[in-house]
Amino acid sequence: MSFTLKVNGRAHTVDVPEDTPLLYVLRDELGLNGAKYGCGVGQCGACTVLSNGTSLRSCVVPAARLGGRELTTLEGLRAPDGAPHPLQKAFLAEQAGQCAYCIPGMLMAAAALLREKPRPSEAEIRTALDANLCRCGSHNRIVRAIQRAAAELAK
């Protein structure tokens with residue numbers, strides 16, 4: 001099945017079976033490897049991307065269903081001037097990634113949260129990231145990074 005996806009501001013025509021998960025299209029067809037394969041059932045968050053600004057588990061949603069939506073991957077997460085997004089800078093400053101496998105999903109979930117709620121409380125951050133798993137135990141640094149980014153974006 002041939003269809004067009006708008007990813008990171010660019011239109012891409014792909015030809016894959018209609019039930020192909022978005023994650024596979026992003027990685028295998030478009031070469032966008034930011035979203036990671038974790039569990040394959042939408043429970044860990046490693047594959048999180050944004051669909052019209054809302055977080056989406058790309059491993060469980062067929063790409064063919066997403067035509068007409070603006071999809072953003074980690075590769076498309078940028079500040080308006082093209083520099084790294086404040087979230088990316090804050091994650092580095094707080095050393096929020098240990099193995100960093102979960103970090104792309106955490107960043108995208110955090111971007112969706114800050115879009116919806118620019119100044120979230122610590123409890124709201126933890127709730128928003130509750131379904132994103134980190135086996136390294138970097139949660140406290142991740143929360144601090146999101147708080148730092150929120151403060152930077154509020155300036």
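Laboratory data are not the source of any read-out in this text; all were calculated from the coordinates shown. All of these numbers come straight from a predicted model, not from anything done at the bench. Every residue, glycine among them, receives a Cβ derived from its backbone with ideal geometry; neighbour counts consider all protein chains shown.
Observations on the structure shown:
- With the charge dipole of the range 74-155 set up from +1 on Lys and Arg Cβ and -1 on Asp and Glu Cβ about the Cα centre, the Cα lying farthest toward the positive end among the listed residues A151, A110, Q98 is that of A151.
- Tilt relative to the chain, helix 103-116 - C-alpha long axis, 0 to 90 degrees, to 10: 80 degrees
- Each Cα pair under 8 Å and six or more residues apart adds its separation to the average, and for the chain the resulting relative contact order is 24 percent.
- For the range 129-155 and the range 1-55, distance of Cα centres in Å: 24 Å
- The H on the amide N of E70, modeled in the peptide plane, is under 5 Å from the matching H of N52, each at least 5 residues off or on a different chain.
- Cβ-Cβ distance of S2 and V60, R₀ of 30 Å, FRET efficiency by 1/(1 + (r/R0)^6): the value works out to about 0.85.
- Amide H contacts of T48: K36, S58, G105, each under 5 Å away and 5 or more positions distant or on a separate chain (H built 1.01 Å from N in the peptide plane; Pro and chain starts excluded).
- What you get for the range 1-142, charging only the Cβ of Lys and Arg (+1) and of Asp and Glu (-1), is a dipole of about 300 debye around the Cα centre.
- In sequence order, the range 53-64 has phi-based couplings of x, 9, 5, 9, 7, 6, 7, 10, 10, x, 4, 4 Hz under the Karplus curve 6.51 cos²θ - 1.76 cosθ + 1.60, θ = phi - 60°, and Gly or Pro positions carry x.
- Taking 0.36 nm per residue of separation and subtracting the current Cα-Cα distance, fully stretching the chain between R69 and E29 would add 12.6 nm.
- Relative contact order for the range 63-155, counting Cα pairs under 8 Å that sit 6 or more residues apart, in percent: 37 percent
- Proximal lysines to K117, defined as alpha-carbon separation beneath 23 angstrom and excluding residues fewer than eight positions away on the same chain: K89, K155
- Computed over neighbours whose Cβ is under 14 Å from that of L133, the net charge equals +3, Lys and Arg +1, Asp and Glu -1.
- Cβ-Cβ FRET estimate between K155 and R135, R0 fixed at 41 Å, reported to 0.05: 0.75
- Counted charge near P84, where neighbours are those whose Cβ lies closer than 12 Å (Asp, Glu -1; Lys, Arg +1): -1
- Multiplying the residue separation of E124 and L92 by 0.36 nm and subtracting their alpha-carbon distance yields 9.4 nm.
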